[in-house]
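Below is one structure; the comments refer to it alone.
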Amino acid sequence: MRKSVIIGIVLLLTVVVASTAGAITKKAGDYTMDVTMDKNPPVTGKNIVEVSVKDKTGKAVTDAKVTVEYSMPGMPGMPAMNYKSDAELKGETYKAVISPSMAGSWNVAIKVARGGKTDTARLTIDVK
């Protein structure tokens, strides 16, 4: 009986961790961004990035221009790769498609432009 309870708890924790593993919260200026991706880990090719932007009062921001820039630094024999995707507002969430061209570590900058000011949240993703 005791062994089955422990197995049940481990399974429950695995489900909880798996369901929240893709969510990242980042601060950029007065904004808080919740960032999720449709694939965890991200893969080469098409990945959908969803960004929920909130102001300092916690209200959803729906009147900004959000872009997702992603890059991989140059390496010996390979130039740097830099890409940009404009996000579209769907409800209260901005959605962008990124397409990393190879596996490895990619730098991501999510930019929120509003009221003549741009704030940026930075993160790194490991593409498989």
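Every number in this text was worked out from the coordinates using simple rules, so none of it is lab data. Worth saying up front: this structure is predicted, and the values here are computed from it rather than measured. A quick note on method: Cβ atoms are made from the backbone with ideal geometry, for glycine too, and the neighbour counts reach across all protein chains shown.
A few points about this structure:
- Gyration tensor verdict on segment 23-127 (Cα atoms; rounded if a/c is under 1.5, prolate if a/b is larger than b/c, oblate otherwise): prolate
- Within the straight-line cut-off of under 15 Å between alpha carbons, the aspartates and glutamates reachable from LYS39 are GLU50, ASP126, sequence neighbours fewer than 8 places apart in one chain being disregarded.
- Applying 1/(1 + (r/R0)^6) with R0 = 30 Å to the Cβ-Cβ distance of THR25 and LYS117 gives a FRET efficiency near 0.90.
- For segment 33-56, the residues whose backbone nitrogen is under 12 Å from a point 7 Å from the Cα of ASP126, taken along Cα to Cβ, are 41-42.
- Filter on LYS26/LYS65; LYS46/LYS117; LYS65/LYS128 - keep pairs with C-alpha separation over 19 Å: LYS46/LYS117; LYS65/LYS128
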